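The values are calculated or read from the model by the stated rules, or taken from the named source; none is laboratory data. These figures come from a predicted structure and were not determined experimentally. Cβ sites come from the backbone with ideal geometry, for glycine too, and all protein chains shown count toward neighbours.
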């Protein structure tokens, strides 16, 4: 009995000493958690996030918060008690609303990666919203239909009201869908504030179909995509959609069945931003994450994950993008404050002109 | 109110003073109610039991419904907006027209759904035929399917490339398809029938199965023509279950969102759609809150009227075991009816489902095998089995919680005269805009004292909120139809309250309990809106995985969405059959 007790005593003493000796060298710090709020269709490679986590001894936790509008609402409503440290995906149509709501804090320093981002994408000089990617909303057409009917592909939005394109176009409701809103803004820019409702009236007379979301438009109305079961050969989609058609055919297609119309003034450029939510307890980590988002590691991962273009010009593009994805020539880019000031009115006027 | 809660003493008394046959006890009840309602102590314990049974469900509503709702209304309306200004804006923004359309389409949809569902309910209640269990399970599958996916099936069946159009085009040499039924009020009504017929089939069917067919036979023997028998005997007997089903269908169509947007197109809008647009597109939270309030008050008013009526409609019935009321069709008339109603049910519900399954196989098995791959190494990739596991875990949790809260609540409500006031409260979540409540959850339940953000419990609670009304609605008509004489007989024979419940109530309500469980399971399996707002991306459910595929172009994405949907259909059908087969050991099928 005694010997056992003694042995225990020695052992505990030894352990205590060991602990005492070990104490001065700090144990490896537990990883800090970074919460990132993203919209539903956000995606990223696991290995890319791992790289950031190892480098910064952090755990990145994503919160998906609905579509862009819903996500922004959530961030605004919970600003007293922010649910995340970083928000990803506010686009140029929501930029002013986000800035005015005061949910974002400026970065302490200009991230180095911003030097590789074209200046026309940098829409917030206060460094609260940093551009990370962009995509062009363009008309897509069904190549087979236009070839079969020997019809020229429209090269101007005004062409769409001509009789030979009657009943061929499907668009999304701008009050419910972000490509829909982008297309509406392209028409506002092309036909001016004063005359764009007339254009829509003409489009209506030319039997345009309006549906609620991109998926319905593309899969149930458009005739061109693989798997599409519609009859209309023109749809409002993205400039990268033809590339995605090839990629997701898994080798079955070497040429996309669809094409994107990228003529000047027919596309609208959506720029997506990221920023630090006010009140984060890990501002330095958040800032490091935003720098990482602008690095080539993350930027090169964007195309195949989200089917948009990286904001950084130094990021390499995957082969399917190099071969099939196009960038719009002279896309429409309205200033965010113009959008913020008029967006509700445009939506109201559009609803009045098209849905009534 | 019933004898179940009476203290032992009074039962002893009865046993000595009265004879114990059930029939006589019931007569005595009507003649001398004093025996059963007399003592103040009895009333007191009864009241205590009432509150004890109801308390968990009420607490749940308070924490997971009223608290988040109050939080979002305070956040939306708190910024000093004058009620008068808001009323003015409501008046000028076409709210009346919106309300008119919302109520109108809901009424029409409910009527149509009842029309399609009633023959089917009779079919399932009274006839046996091969493949019945599977067909019964399939009729509930639409309830879990995402609207985008259903729109795909509808496009194939009634869209421009439908078989009928192809036929007409080749026969008449037409360049364009002559028929397109989509984006019309008709398409909305059809989709509502597709989604909600199961409510009539199950709620009315399970009730009908226990009705004594001898009542109808007696009327027929007395010379009444069939329609008169139906109108004057069957319909009045069915009314409690029928009105419960009609109420649920109406509220579902009243708050319809996806069907209106996707199958109706942007020209149509319900209150729910307007609330979503005001919240998300216009960030007009005060107006959205006002509209949400109108929708909640509409639901409340309707439910109060219903619940008040229900008290009068329900009466104890002489119930028969379902086995003894159903048979195989023999006479030519019966066979014709069975075939006709089977065709109706299969045409409305089966055909779209079949179309989806067929389309998912267009790439061979490739769309299914692709589900198990993650070629782009996405951090959000979820293997199909994992998504299925998440869905099933949430659904099991929801079913368990909804039954645990709903059964005691229904027991309390059926025995309390003023229960209908409380009953109406349970329906409110169904009439509340998902986006409003979702935002309420985020601001109220994502911070102390109750920080549940991102926990699976929060998802289960959100689903249970929607599932609870189904459990209560399916149980109440069954409970109220039980003759008090049966319970009294059991009690008189010395059974303590719990034993009375197990021996008398449980076998009779088992079918209704299974229906409640099935709908709780279904609600959870199919829920998308709330889950997408509050779930952690690492725990996606099947509907969330389906939507992820549908957000990208390309054959593979579309095919995988359909494959995932077919998987969802198969798992749900299997789940429904399993729930129906479950029976506590020792109880007889009733």
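For this structure, a couple of remarks:
- Boolean, residue A:51 is at pLDDT 95 or above and surrounded by fewer than 21 Cβ atoms within 10 Å (Cβ to Cβ): yes
- Exactly one residue out of B:432, B:369, B:398 is more than 18 Å from the chain's Cα centre (by Cα) and either surrounded by 22 or more Cβ atoms within 10 Å (Cβ to Cβ) or at pLDDT 90 or above (or both): that is B:369.
- Whichever residue in the stretch A:41-59 is touching a helix residue (DSSP H, G or I) at 6+ places or on another chain (Cβ under 7 Å), within 30 Å of residue A:179 (Cβ to Cβ) and not in a loop (DSSP other than H, G, I, E, B) and, among such residues, is nearest to the other protein chains (Cβ to nearest Cβ): A:45
- So residue A:252, is it modelled with pLDDT of 95 or more and either in contact with a strand residue (DSSP E or B) (Cβ under 8 Å, 6 or more places away or on another chain) or over 23 Å from residue A:151 (Cα atoms) (or both): no
- Filter pass, residue A:265 being closer than 30 Å to residue A:86 by Cβ, modelled with pLDDT under 95 and surrounded by fewer than 22 Cβ atoms within 10 Å (Cβ to Cβ): no
- Any hit, the stretch B:108-121, residues being under 26 Å from residue B:437 (Cβ atoms), at pLDDT 95 or above, in contact with a helix residue (DSSP H, G or I) (Cβ under 9 Å, 6 or more places away or on another chain) and surrounded by fewer than 17 Cβ atoms within 10 Å (Cβ to Cβ): no
- Residues in the stretch B:511-540 that are part of a loop (DSSP other than H, G, I, E, B), within 12 Å of chain A (Cβ to nearest Cβ) and within 25 Å of residue B:273 (Cβ to Cβ): B:528, B:535.
- Qualifying helices (runs of 4 or more DSSP H) (wholly inside the stretch B:139-247; at least 2 residues being more than 14 Å from chain A (Cβ to nearest Cβ), over 30 Å from residue B:568 (Cβ atoms) and modelled with pLDDT of 90 or more): B:213-221, B:226-229
- Out of B:356, B:313, B:342, sole residue that is out of contact with any strand residue (DSSP E or B) (no Cβ under 7 Å at 6 or more places or on another chain), under 30 Å from residue B:420 (Cβ atoms) and in contact (Cβ under 8 Å) with a residue 60 or more places away in the chain: B:313
- Residue that is farthest from the other protein chains (Cβ to nearest Cβ) [pool: residues in the stretch B:541-561 that are closer than 18 Å to residue B:143 by Cβ and assigned to a helix (DSSP H, G or I)]: B:542
- For the condition more than 21 Å from the chain's Cα centre (by Cα) and either in a loop (DSSP other than H, G, I, E, B) or facing chain B (nearest Cβ under 10 Å) (or both), residue A:264 qualifies.
- For residue B:448, the criteria (1) over 27 Å from residue B:245 (Cβ atoms); (2) away from chain A (no Cβ under 14 Å); (3) surrounded by fewer than 19 Cβ atoms within 10 Å (Cβ to Cβ) hold in every case but one, which is (2).
- The sole residue among B:470, B:501 that is surrounded by fewer than 23 Cβ atoms within 10 Å (Cβ to Cβ), more than 14 Å from every other protein chain (Cβ to nearest Cβ) and assigned to a helix (DSSP H, G or I) is B:501.
- Of residues in the stretch A:68-89 being more than 7 Å from every other protein chain (Cβ to nearest Cβ) and assigned to a loop (DSSP other than H, G, I, E, B), the one modelled with the highest pLDDT: A:85
A quick yes/no check of all residues on (1) farther than 26 Å from residue A:213 by Cβ; (2) more than 14 Å from chain B (Cβ to nearest Cβ); (3) surrounded by fewer than 18 Cβ atoms within 10 Å (Cβ to Cβ):
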residue	(1), (2), (3)
A:124	yes, yes, no
A:136	no, yes, no
A:166	no, no, yes
A:178	no, no, no
A:181	no, no, no
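- Any hit, the stretch A:274-290, residues being touching a strand residue (DSSP E or B) at 6+ places or on another chain (Cβ under 7 Å), closer than 30 Å to residue A:152 by Cβ and in the same structural domain as residue A:45 (by TED's automatic domain parsing): no
- Count - residues of the stretch A:293-309 that are under 18 Å from residue A:59 (Cα atoms) and surrounded by 20 or more Cβ atoms within 10 Å (Cβ to Cβ): 2
- Given (1) out of contact with any strand residue (DSSP E or B) (no Cβ under 6 Å at 6 or more places or on another chain); (2) at positive phi, index of the condition residue B:331 fails: (2)
- Subset of the stretch A:214-236 that is at the interface with chain B (Cβ under 7 Å from one of its Cβ atoms) and closer than 18 Å to residue B:547 by Cβ - its residue that is modelled with the highest pLDDT: A:218
- Scanning the stretch A:197-215 for residues that are without any contact (Cβ under 8 Å) to a residue 24 or more places away in the chain and crowded, with 21+ Cβ neighbours inside 10 Å yields a total of 1.
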